[in-house]
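Novice: Would you mind keeping the following structure in view while I ask a few things?
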Amino acid sequence: MFRHTRHLQFEAKPEKPDPVYARKLQELIGGAFGEMTVTMQYLFQGWNCRMPGKYKDLIMDIATEEIGHVEMLATMVARLLEGAPATAVTKMATADPVVGAVLGGMDPQQAIVAGGGPLPADANGYPWNGRYIVASGNLLADFRANVAAEAHGRLQTARLYHMTDDPGVKDMLKFNLARDTLHQNLWLKAIEELQSDGLEDVVVPDDLFDEEHAEHAETIWDLSDGIEAQAGGWASGPQPDGRHQFSYLLNPEPLGGLAQAPPPDPKLYDTYDGSMGEPQGPALGTEVGPMGKLKDKLT
């Protein structure tokens, strides 16, 4: 159950309207690292979490907070759009205030589609996409993704902070910056705790080490010009998982054969000169039509 209160987490009042900045602020709502992304990411992580207790509670606490961040930003965008485009707040406006606002950098969809309000979209008007979220059920993998999401979100918020002189906007962004700082530290601490609780190790998942080609888990392949990467601590010594050693391989050679697709099915009409022979028929057990029916009867 979710319950909404009418009050914002923090004030979202600009000193004056600014439709151009309202478009920029859309990135923090519906961009790849915006508040809609972290909201849905954390909600689905919480719903996917199979352990009742501190981790699930933490995830749901932050997820629910992020819903409020979406509302704060949506309110700020609506207030930044006040009077636009009807009163032509941009200097580009001439006889037609709508054209002027568009030329000045306002997102026309905010007026045409949303009636002077925010959109579930990024700064270019691209709709928010559920594919942005990470919710795998593995908390270590998810928490690492959360650190990255909060880092990118804070980075974009910091950039937007320098793109406005409006004291009201800056005040709200100061709150958002602080919460992003906390959330990065929370997820980093939660990663430490997962490991200290013995629930996860370092590599995700901590399984199949005996199955993988272990000799390829230690060598860094030098595949770009320059050998400066050898100066890093990752070029030699123990790896963070304590199971493997780092090494640096100069001039690595390919281990596989030629990269060549098989002969194409003629009914797919790929351009083909016959140089690799005829395509194989359907694999045993996948036949359809009379041959498939005959095989079914025989078995």
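Novice: Rounded to the nearest 0.05, what FRET efficiency do LYS170 and ALA141 give with R0 = 41 Å and r taken as the Cβ-Cβ distance? Could you check? Each step should come with its number before you reach the end.
Specialist: On the way: r = 35 Å, r/R0 = 0.86.
Efficiency computed from Cβ-Cβ geometry: 0.70.
Novice: Please name whichever of GLN41, ALA123, GLN245 sits farthest to the positive end of the charge dipole of the chain, dipole taken about the Cα centre and charges placed at Cβ: Lys and Arg +1, Asp and Glu -1.
Specialist: Looking along the dipole axis, the top candidate is ALA123.
Novice: So who's got an amide H within less than 5 Å of the one on TRP128, skipping anything under 5 residues away but keeping other chains? H placed 1.01 Å off N, in plane.
Specialist: Amide H to amide H, under 5 Å and 5 or more residues apart or across chains, TRP128 pairs with ALA121, ASP122.
Novice: While we're here: With +1 on each Lys and Arg Cβ and -1 on each Asp and Glu Cβ, and nothing else charged, work out how big the dipole of the chain is about its Cα centre, in Debye to the nearest 20. Before the final figure, lay out each step's value.
Specialist: Numbers: 24 positive and 43 negative charges, 312 e Å.
In total the dipole reaches around 1500 debye.
Novice: Here's something else I'd like to know. With a 1.4 Å probe and all protein chains in place, put ASP207, ASP165, ASP142 in order of accessible area, largest first.
Specialist: Numbers: ASP207 100, ASP165 145, ASP142 0 Å².
Greatest to least solvent exposure: ASP165, ASP207, ASP142.
Novice: Starting from the 7 Å offset along Cα-to-Cβ, what nm value, one decimal, do you get for the label separation of LYS16 and TYR269?
Specialist: For the pair LYS16/TYR269, the computed spacing is 6.1 nm.
Novice: Right, here's the next one. What's the tally of Lys pairs in the chain whose alpha-carbon atoms lie under 25 angstrom apart, where the two lysines are 8 or more places apart or on different chains?
Specialist: Final tally of qualifying lysine pairs is 17.
Novice: Rounded to the nearest 500, what is the 222 nm mean residue ellipticity of the chain from helices alone, with -39500 (n - 2.57) per DSSP H run of 4+ residues and division by all residues?
Specialist: Details: 8 runs with 127 residues, N = 299.
Mean residue ellipticity at 222 nm (helix-derived): -14000 deg cm²/dmol.
Novice: Ok, one more. Once you mark the chymotrypsin sites (Phe, Trp or Tyr not before Pro) that are in a DSSP loop and have at most 16 other Cβ atoms within 10 Å, what is the longest gap between them in the chain? Working shown, then result.
Specialist: Values: sites that count: PHE2, PHE10, PHE209, TRP234, TYR269, TYR272.
Longest gap between qualifying sites, sites excluded: 11-208.
Novice: Moving on to the next point. Hey, if we sort THR164, THR5 by accessible area with the 1.4 Å probe, largest down, what's the order? Don't skip to the answer; put the middle values down first.
Specialist: Working: THR164 15, THR5 85 Å².
Largest accessible area first, the list is THR5, THR164.
Novice: If packing is taken as the average number of other Cβ atoms within 10 Å across a peptide's residues, how do 108-115, 145-152 rank, most packed first? Numbers along the way, then the final one.
Specialist: On the way: 108-115: 15.2, 145-152: 18.9.
Highest mean packing first, the order is 145-152, 108-115.
Novice: Say we join alpha carbon atoms closer than 10 Å with springs in a Gaussian network model of the chain; which of LEU268, LEU249, LEU58 then has the biggest fluctuation?
Specialist: Greatest mean-square fluctuation among the candidates belongs to LEU268.
Novice: Compute the signed sum of charges (Lys and Arg +1, Asp and Glu -1) over the other residues within less than 14 Å, Cβ to Cβ, of ALA22. Working shown, then result.
Specialist: Numbers: positive: LYS13, LYS16, ARG23, LYS24, ARG79; negative: GLU15, ASP18, GLU27, GLU82, ASP107, ASP122, ASP166.
Neighbourhood net charge equals -2.
Novice: Taking amide H atoms as placed 1.01 Å from N in the peptide plane, list the residues 5 or more away in sequence, or in a different chain, whose amide H sits under 5 Å from that of GLU15.
Specialist: Amide H to amide H, under 5 Å and 5 or more residues apart or across chains, GLU15 pairs with GLY168, VAL169.
Novice: Counting only residues 5 or more places away or on other chains, whose amide H sits under 5 Å from the amide H of PHE246 once H atoms are built in the peptide plane?
Specialist: Amide H to amide H, under 5 Å and 5 or more residues apart or across chains, PHE246 pairs with GLY237, GLN239.
Novice: Something else: Tell me the GluC sites (Glu not before Pro) within the stretch 176-223 that lie in a loop according to DSSP and have at most 10 other beta-carbon atoms within 10 Å. Could the numbers behind the result be given before it?
Specialist: Working: sites: GLU192, GLU193, GLU200, GLU211, GLU212, GLU215, GLU218; in loops: GLU200, GLU211, GLU212, GLU218.
Qualifying residues, ordered by number: GLU211, GLU212.
Novice: Within the set of other residues whose C-beta is less than 14 Å from the C-beta of PHE175, count the net charge using Lys and Arg as +1 and Asp and Glu as -1.
Specialist: On the way: positive: LYS13, ARG154, LYS170, LYS174, ARG179; negative: GLU11, GLU35, GLU65, GLU66, GLU71, ASP171, ASP180.
Local charge sum for PHE175: -2.
Novice: Please give the Cα centre distance for the stretch 214-270 versus the stretch 1-70, rounded to the nearest Å.
Specialist: 39 Å
Novice: Looking at the chain, which longest stretch skips every one of the trypsin sites (Lys or Arg not before Pro) that is in a DSSP loop with at most 16 other Cβ atoms within 10 Å, leaving the sites themselves out? Intermediate values should be presented prior to the final figure.
Specialist: Details: sites that count: ARG3, ARG6, ARG50, LYS91, ARG243.
Longest run free of exposed loop sites: 92-242.
Novice: Could you give the length gained by full extension between GLN239 and ILE227, i.e. 0.36 nm per residue of separation minus their alpha carbon distance, to one decimal place? Intermediate values should be presented prior to the final figure.
Specialist: Working: separation 12, 0.36 × 12 = 4.32 nm, distance 1.99 nm.
Gain in length upon complete extension: 2.3 nm.
The values are calculated or read from the model by the stated rules, or taken from the named source; none is laboratory data. In this text the structure is predicted, and so the values were computed from the model without any measurement. So basically every Cβ, Gly included, is an ideal-geometry build from the backbone, and we count neighbours across all protein chains shown. The accessibility values were calculated without ligands, DNA or RNA, using every heavy atom of the protein model including side chains. Shrake-Rupley method; radii C 1.70, N 1.55, O 1.52, S 1.80 Å.
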